[in-house]
1. Please work out the FRET efficiency for the pair A92 and D33, using the Cβ-Cβ distance as r and a Förster radius of 30 Å; give the result to the nearest 0.05.
2. Could you line up V159, V49, V22, V100 from fewest to most neighbouring Cβ atoms inside 10 Å?
3. Among A92, A75, A156, determine the one that fluctuates most according to a GNM of the chain built with springs between C-alpha atoms less than 10 Å apart.
4. Cut-off under 19 Å on the C-alpha distance; same-chain residues fewer than 8 positions from K17 excluded. Which lysines are left, in chain and number order?
5. Can you say what percent of the DSSP beta bridges in the chain, counting only those with both residues inside, are antiparallel? Round to 5.
6. Any chance you could give the angle, 0 to 90 degrees and rounded to 10, that helix 80-92 forms with the longest Cα principal axis of the chain?
7. When the helix-only estimate is applied to the chain (DSSP H runs of n ≥ 4, each -39,500 (n - 2.57), divided by the residue count), what is the mean residue ellipticity at 222 nm, nearest 500 deg cm²/dmol?
8. Convex hull volume of the Cα atoms in the range 1-61, per residue, in Å³?
Amino acid sequence: MNMEDLGNSKLLNWLFKPAGRVMESRLRHRLSDPVKTLQGADLRPGQTVLEVGAGTGFFTVPAARMIGAQGRLIAMELLATYVDRLTEKAAAAGLRNVEVVQRDALRTGLDTATMDRALLFGVLPYLSLPLNRLLPEMHRVLKPDGVMAVWMFPVAGWVPGSIRRSGWFDYLHKRNGVYCYRPAVRAADAPAVTPSRPR
Ligand SMILES: C[S@@+](CC[C@H](N)C(=O)[O-])C[C@H]1O[C@@H](n2cnc3c(N)ncnc32)[C@H](O)[C@@H]1O
């Protein structure tokens, strides 16, 4: 069974429905302000943004508002029940800049170097998003000056250290609890330098 099939599993969707309600509960909104956290990712009008594991949209709606009508937000999620909820929420909020995509974020299907931001909010560490496969994919889809923004709750644990050591990203800074990384220039991406001949 591949990941997308898993995302359509009736049992899994039934099991995760209560978690979806908690993720968009009033209590969560009271305890943490999604806009303040998103500001840590430096979202700006007109940006193209990939949100990995968007869940029931706690961050999706405010993020879409921050990038405005000229921006584009791809909200990627595996579970069908969350995808339905996201679609409903985006429509209710009148957001035309959100594309809800049911897909495994380990193989996004997005074009290379097209994203200004990749938001990994509340999705790390996660068994179905192993860093050794997720980081190369995020590196591939981000523009060279793009930013991978990671918000980990309740604990960051070993994840920041693993990202630094991976060689796929360079650490920029941490703002409002959000770790920001720039895609590293890797040997394979670096422009070939023609050695000048000694005269
Ligand atoms: C803990 S929830 C966080 C949801 C949301 N970001 C939030 O903070 O409210 C993690 C989400 O990642 C999704 N997810 C897990 N693995 C995924 C994958 N490989 N591709 C896409 N989404 C995935 C889960 O279905 C779940 O909705």
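Read the figures in this text as sums done on the coordinates, not as results from a lab. This one's a predicted model, so the numbers in the text were calculated from it and none came from an experiment. Neighbour counts are summed over all protein chains in view; Cβ atoms, including those assigned to glycine, are modelled from backbone coordinates with ideal geometry.
1. Values: r = 20 Å, r/R0 = 0.68.
Here the calculated transfer efficiency is 0.90.
2. Fewest-to-most ranking of V159, V49, V22, V100: V22, V159, V100, V49.
3. A92
4. Correct list for K17: K89.
5. Taking every DSSP beta bridge within the chain, about 35 percent pair in antiparallel fashion.
6. On a 0 to 90 degree scale, this one is about 90.
7. Here the helix-only value at 222 nm equals -10000 deg cm²/dmol.
8. 104 Å³
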